[in-house]
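Q: Please read through the structure below; I'll follow up with questions.
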Amino acid sequence: MERTEQDELYKILLAQTIDPITLIDSEGLVLYQTPSAFGWDPKEIIGKRIFDFVHPDDLEITINAFGDILMNQDIDRIVVRFRNKSGNWNRVETLGHTFERNGEQNMILNTRHVDDHQTMLDKLKTSERLKQAAFNSTGTICSITDLETGEFVDVNDAWVEQTGWTRKEALGHTAIELNIWGSDKNRERITSALRKHTRLREFPATFKTKKGEIHSVLVDAEIISIDNKDIFFLAGVDTTEREQMESQLRQAQKLESVGQLTGGIAHDLNNMLTVVLGQIDLSINKNTTPEMDEALAIIRRATERGSDLIKQLMIFSRRQTLKPSSIDTSKTIQNMLTILDSSLGGEIAISTHIDDDVWNTYLDESLLENAILNMALNSRDAMPNGGTLAINAKNYIADKPSAKKYEIKEGSYVKLEIVDTGSGMEAGIIASAFEPFFTTKPMGQGTGLGLSMVFGFVKQSGGHIEIASEPGIGTNITLLLPSSSTLKNPTQEHEQQPHQLEGKSVLLIEDSEELRKVLKSLLESFGCSVIECSGERLEPTSEQIDLILSDVILPGTSQGPDLVNNVLKTHPDAKVLFMSGYPRDRLTGASLVHGRELLKKPFSKLELQDKLNQALNSGG
């Protein structure tokens with residue numbers, strides 16, 4: 001075939017091509033253009049610079065690529081926008097190749113429409129962005145892992161937030177390397193279940209954060225095969241806070257049940273103990289021998305011990321009547337050190353770290369001291385071979401999230417920590433540590449009321465308590481105690497009043513016959529005359545009544561305050577003192593006359609005398 005025939009054949013082939021082919025010189029001037037030129041007649045393009053048809057925003061990349069091609073450098077195909085005949089822009093993909101023609105360097109450009117293809121790519125990218133956004137915006141913890149290597153392929157924002165590891169720290173590393181599952185066995189438990197069932201739904205597990213905190217999680221997981229590779233997809237919901245709230249609710253319900261039971265028992269026991277104490281006070285030093293006085297003293301100590309036990313029952317059920325006041329936190333702790341030093345023994349070192357500016361707390365000081373002693377004694381038992389007990393105190397501000405988490409009010413607190421280096425506790429023991437009568441000590445070596453009392457005291461005081469412990473490492477008990485700066489000033493105590501009972505007439509309302517007899521004898525020993533009432537029926541009397549001493553809870557529908565109000569209608573000047581063996585919370589505002597004093601059973605002769613004197617000197 002002759003040359004002219006070949007040229008004609010090439011022209012025919014070029015004319016039939018779908019993709020535009022352009023011949024340009026080293027200055028970018030168009031020398032030849034195939035007919036398929038975006039609607040242009042080839043004559044409209046030939047003789048013009050190819051750059052005049054390129055979108056201004058794409059000129060830089062076009063000129064750079066043009067220079068690289070002229071330098072015979074390999075380049076990737078470029079995608080630019082090319083102006084068509086109608087004035088719109090087409091997205092095109094272009095390749096270039098240089099060659100010599102008639103002693104000059106020319107370039108052939110092969111161009112292809114990619115609008116549809118690019119639109120698909122854009123949609124794909126948008127879809128991928130949406131998927132990534134959904135992956136990251138959910139509060140569910142999500143991770144994608146290569147099942148064979150265990151390496152993280154991707155993790156979402158919730159995973160980063162909950163675990164504490166950054167995405168950079170996670171990708172390319174395994175859960176074992178980051179200790180996410182705490183142990184190989186924990187991860188193997190999940191993957192084994194997954195291999196067996198191929199899919200997991202709400203599978204209970206735990207994970208460990210970068211800080212070492214253990215969180216509970218319900219896991220949804222599935223194995224997906226992509227390009228012959230098994231991918232482990234995991235989604236989890238952190239249930240730690242929910243489980244804590246459920247545990248607190250169960251604890252509260254348990255304490256409420258125990259409190260209802262102990263409240264009823266306490267009433268009867270307090271009546272009995274008041275009888276015993278009253279008889280002791282009436283009998284001692286009254287024609288008795290030293291041996292009898294000693295026996296009575298022993299009975300008194302046993303009775304007082306029984307009274308203390310009842311108070312303990314009331315404390316952990318949060319029904320004890322507290323006597324809060326503003327306490328110098330630092331001073332109270334320092335004062336306890338001597339007692340703790342003698343109680344713990346020489347093998348246990350005690351250290352304290354109390355901030356200089358630590359706030360005062362608003363608490364019942366005797367119960368705070370008892371709480372510190374109880375926790376210290378527990379630490380001693382956990383360190384039979386010696387160790388260290390640290391007592392730390394610093395200020396703490398409870399913001400809204402903290403207040404919600406700990407079920408306390410927003411405001412200022414003192415954070416008190418009791419930390420030991422003892423044997424520590426398993427998770428199951430921690431969960432039961434605050435339960436009444438729970439103890440790990442051998443039979444006869446513990447009542448199981450120690451931490452229960454501390455729990456009840458702290459909660460009733462408006463604070464929070466929690467335990468962090470690991471076997472073999474030790475235990476940290478943290479208390480959040482309300483500061484006095486956020487609470488009302490403590491109520492002023494009554495001053496000791498002089499004895500004024502001689503010759504006074506007292507109306508005694510008490511349903512227990514044994515106790516009524518003892519109280520009558522005690523009142524008569526003060527020089528009072530006594531009018532008795534069992535509480536079932538109160539006969540009208542014209543006699544002078546200076547004082548009314550009444551039990552609050554009585555059998556039947558009429559209660560002590562009801563009877564007292566009837567008496568006050570005819571004896572308005574009579575002073576009133578209520579007494580009860582029930583905790584104060586059982587004595588609702590409707591039944592207990594506002595502003596009246598309450599004498600808690602059991603009580604001694606001196607306590608009765610003081611309260612009656614206070615009532616005589618009160619305004620109502």
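Q: Among the numbered criteria (1) polar (S, T, N, Q); (2) modelled with pLDDT under 75; (3) closer than 25 Å to HIS215 by Cβ, which one does THR475 miss?
A: (2)
Q: Still on this structure, I have one more. Is there any pair linking a residue in region 459-481 that is among the charged types (D, E, K, R) to one that is crowded, with 19+ Cβ neighbours inside 10 Å and part of a helix (DSSP H, G or I), with Cβ under 9 Å and at least six apart or on different chains, and which?
A: LYS459/LEU255
Q: Hey, which of the strands (runs of 3 or more DSSP E) in region 21-118, taking only ones fully inside, have at least 2 residues that are hydroxyl-bearing (Ser, Thr, Tyr) and surrounded by 13 or more Cβ atoms within 10 Å (Cβ to Cβ)?
A: Here the list reads 89-101.
Q: Looking for whichever is touching a Pro at 6+ places or on another chain (Cβ under 7 Å) and surrounded by 12 or more Cβ atoms within 10 Å (Cβ to Cβ) here; the options are LEU200, LEU147, LEU218. Which one fits?
A: When all the criteria are applied, what remains is LEU218.
Q: Tally up the residues in region 221-234 that are loosely packed, with under 12 Cβ neighbours inside 10 Å and of a type in the set (Asp, Glu), please.
A: 1
Q: A follow-up question, please. Inside region 511-531, can you point out the residues that are modelled with pLDDT of 90 or more and among the acidic types (Asp, Glu)?
A: GLU524
Q: Further question on the same structure: When you look at ALA403, is it assigned by TED's automatic domain parsing to the domain that holds ALA433, farther than 18 Å from LYS331 by Cβ and either not in a strand (DSSP E or B) or not acidic (Asp, Glu) (or both), yes or no?
A: yes
Q: Working only within region 207-264, note down all residues that are among the charged types (D, E, K, R), assigned to a loop (DSSP other than H, G, I, E, B) and either closer than 18 Å to CYS142 by Cα or modelled with pLDDT under 75 (or both).
A: Pass one, region 207-264, residues among the charged types (D, E, K, R): 208, 210-211, 213, 220, 222, 227, 229-230, 238, 241-243, 246, 250, 254, 256.
When the remaining residues are screened for being assigned to a loop (DSSP other than H, G, I, E, B), the result is 210-211, 213, 227.
Within region 207-264, LYS210, ASP227 meet the criteria.
Q: Got a sec? Which of ASP52, ASP58 is over 60 Å from the mean Cα position of the chain (by Cα) and acidic (Asp, Glu)? Give the steps one after another, and end with the answer.
A: Values: ASP58 fails: over 60 Å from the mean Cα position of the chain (by Cα).
Of ASP52, ASP58, the one residue that is over 60 Å from the mean Cα position of the chain (by Cα) and acidic (Asp, Glu) is ASP52.
Q: With (1) at pLDDT 85 or above; (2) over 28 Å from ASP227 (Cβ atoms) as the list, and ASN186 as the residue in question, which single condition is left unmet?
A: (1)
Q: Here are the criteria: (1) modelled with pLDDT under 90; (2) of a type outside the set (Ser, Thr, Tyr); (3) over 54 Å from the mean Cα position of the chain (by Cα); (4) outside any loop (DSSP other than H, G, I, E, B). Tell me which single one GLN500 does not satisfy.
A: GLN500 satisfies all of (1) modelled with pLDDT under 90; (2) of a type outside the set (Ser, Thr, Tyr); (3) over 54 Å from the mean Cα position of the chain (by Cα); (4) outside any loop (DSSP other than H, G, I, E, B) except (4).
Q: Just checking: which of the helices (runs of 4 or more DSSP H) contained wholly in region 290-392 hold 2 or more residues that are within 26 Å of the chain's Cα centre (by Cα), at pLDDT below 85 and surrounded by 16 or more Cβ atoms within 10 Å (Cβ to Cβ)?
A: Filter on region 290-392 gives 290-316, 365-381.
Q: Applying the selection to region 579-602, what residues are in a loop (DSSP other than H, G, I, E, B) and either modelled with pLDDT of 70 or more or among the charged types (D, E, K, R) (or both)?
A: GLY581, ARG596, LYS601, PRO602
Q: What single numbered condition from (1) in contact with a strand residue (DSSP E or B) (Cβ under 6 Å, 6 or more places away or on another chain); (2) of a type in the set (A, V, I, L, M, F, W, C); (3) modelled with pLDDT under 85 fails to hold for VAL576?
A: (3)
The values are calculated or read from the model by the stated rules, or taken from the named source; none is laboratory data. No experiment lies behind these values; they were computed from the predicted model shown. All Cβ positions, glycine included, derive from the backbone under ideal geometry; neighbour counts span all protein chains shown.
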